[in-house]
Amino acid sequence: MPYSVTRYETHDADEQAEKLESWDQSYEQLSAGPFAGSLVEVTFDSVRLFREKTTQSVHQHGSPGQGAPSFFCRARVVRRSALARFGGRHRRYD
């Protein structure tokens, strides 16, 4: 099965959001300091998997492209506690 792997390094929260081309995504940096992020995207036919990292806390808002199914895998949270909302539901990660 053919596939492709794309890697990005980013230096701004808006740049990070723009790299997820198939998503309508926006980020707002919440913590102070320089931003650094990365994104690895693997594409198999019409399936796209991605993993992203950021050095700062961000508020993410967005949705997948029109008609695209999506699945969310829990993020590794660096802080001891975090509150997230995904798919309209609140989640607490301790």
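Filtering the range 1-18 down to residues that are of a type in the set (A, V, I, L, M) and surrounded by 15 or more Cβ atoms within 10 Å (Cβ to Cβ), which residue is farthest from the chain's Cα centre (by Cα)?
A13
Could you tell me which residue of the range 35-68 is farthest from H11 (Cα to Cα), considering only residues that are touching a helix residue (DSSP H, G or I) at 6+ places or on another chain (Cβ under 6 Å) and either acidic (D, E) or outside any loop (DSSP other than H, G, I, E, B) (or both)?
The selected residue is V58.
Sort out which residues of the range 19-46 are more than 13 Å from the chain's Cα centre (by Cα), surrounded by fewer than 11 Cβ atoms within 10 Å (Cβ to Cβ) and not small (G, A, S), and write them in order of number.
L30, P34, D45
Please enumerate the residues belonging to the range 28-51 that are of a type outside the set (A, V, I, L, M, F, W, C) and in contact with a Phe, Trp or Tyr (Cβ under 9 Å, 6 or more places away or on another chain).
Q29, G37, S38, E41, T43, D45
Each value in this text was obtained by applying a stated rule to the coordinates, not by laboratory testing. Because the structure is predicted, anything quoted here is derived from the model rather than measured. Counting neighbours? That spans all protein chains shown, and the Cβs are built from the backbone with ideal geometry, glycine included.
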